[in-house]
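Have a look at the structure below before the remarks.
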């Protein structure tokens, strides 16, 4: 039997081992909407089951199952990281998702457009403009947990953004703007990527970076949730909605009639509406 206070080593998605920290699980559960009492109950039920070498994924699945039994809306919010990885193979829904985050902050947004650079043309995933700022965003989407965006990505994005800025800085329509280059991902950045971006003024956005303004933080703060968190929608229905560029719960709620167009009954539509409202509650 494990002695009280003995450390447990768990395996991360990357294969690295780390000491299990109960505070991290508690924080994940409370971010999902569980109150402190509920989160501690789940922790107390999980701790006797933990053992050296158990994966963080297995801990996550077990905690999610317990959370589902207690509160459906919180369970949806707890699985946001997985939900982002269920946005399909193309990467296009993730680009729209990042665009929706900028829209929520008051930006005019264009996605998936070809623009001129001083040397060549470039396809930019997201261009967000507000006032005197314009943000040029390259999105890197992965369906694999533990993946990192390597240094090659910020290197080539930086050169592409500089080519676009060199052209636009000479055009009257853009001379009043200050430009910012970005790389956005649903996974993580390598240390070299973070160092390079910091040295050259390239903005990075990932699941857990930068602290306080990461993808996870923005989702929770702005209440922009992907439709893939919804348990009331079948996978085939989510795929149909994503094909119509409906990526977030907010988009779906504002165009709820689209559900009848993909064959859902009035009763099913009401169930989806109720879940969206529950997920958005603080």
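Annotations for the structure displayed:
- The fraction of Cα-Cα pairs per 5 angstrom bin, counted from 0 for the stretch 1-158, comes to 2, 7, 13, 14, 15, 13, 11, 9, 7, 5, 2, 1, 0, 0 percent, rounded to whole percents.
- Compactness relative to 2.2 N^0.38 Å, alpha carbon Rg of the stretch 225-280: 0.96
- Here the stretch 9-78 yields Rg over Rh of 0.96, to two decimals, using C-alpha coordinates and the Kirkwood radius.
- The chain: antiparallel DSSP beta bridges as a percent of all, rounded to 5: 55 percent
- For the chain, adding -39500 (n - 2.57) for each run of n ≥ 4 DSSP H residues and dividing by the number of residues yields -13500 deg cm²/dmol at 222 nm.
- For the stretch 162-282, the spread of Cα coordinates along the three principal axes comes to 54, 36, 25 Å, biggest extent given first.
- The GNM of the chain, with springs linking C-alpha atoms under 10 angstrom apart, assigns the highest mean-square fluctuation among 92, 31, 236 to 236.
- 0 to 90° range, to nearest 10: angle between helix 266-280 axis and the chain longest Cα axis: 90 degrees
- Between 0 and 90°, nearest 10: helix 152-168 axis offset from the chain longest Cα axis: 40 degrees
- Distance between the stretch 75-151 and the stretch 195-256 - C-alpha centres, whole angstrom: 9 Å
- Here the scattering of the stretch 120-168 is modelled by Debye summation over its C-alpha atoms, one equal scatterer each and no solvent; at q = 0.15, 0.27 Å⁻¹ the log10 of I(q)/I(0) is -0.50, -1.12.
- Residues considered: 228, 248, 56. Largest GNM mean-square fluctuation over the chain, using C-alpha springs under 10 Å, is found at 56.
- Taking one quarter of the surface of the C-alpha convex hull of the stretch 92-222 gives a mean projected area of 7.8 nm².
- For the residues 191, 93, 226, a GNM of the chain with alpha-carbon springs under 10 Å puts the largest fluctuation on 191.
- For the chain, the Stokes-Einstein estimate of translational diffusion at 37 °C and a viscosity of 0.692 mPa s comes to 159 µm²/s, using the Kirkwood hydrodynamic radius over alpha-carbon pairs.
Since every read-out is calculated from the coordinates, none of them should be taken as a lab result. Quick caveat: nothing in here was measured; it's all calculated off a predicted structure.
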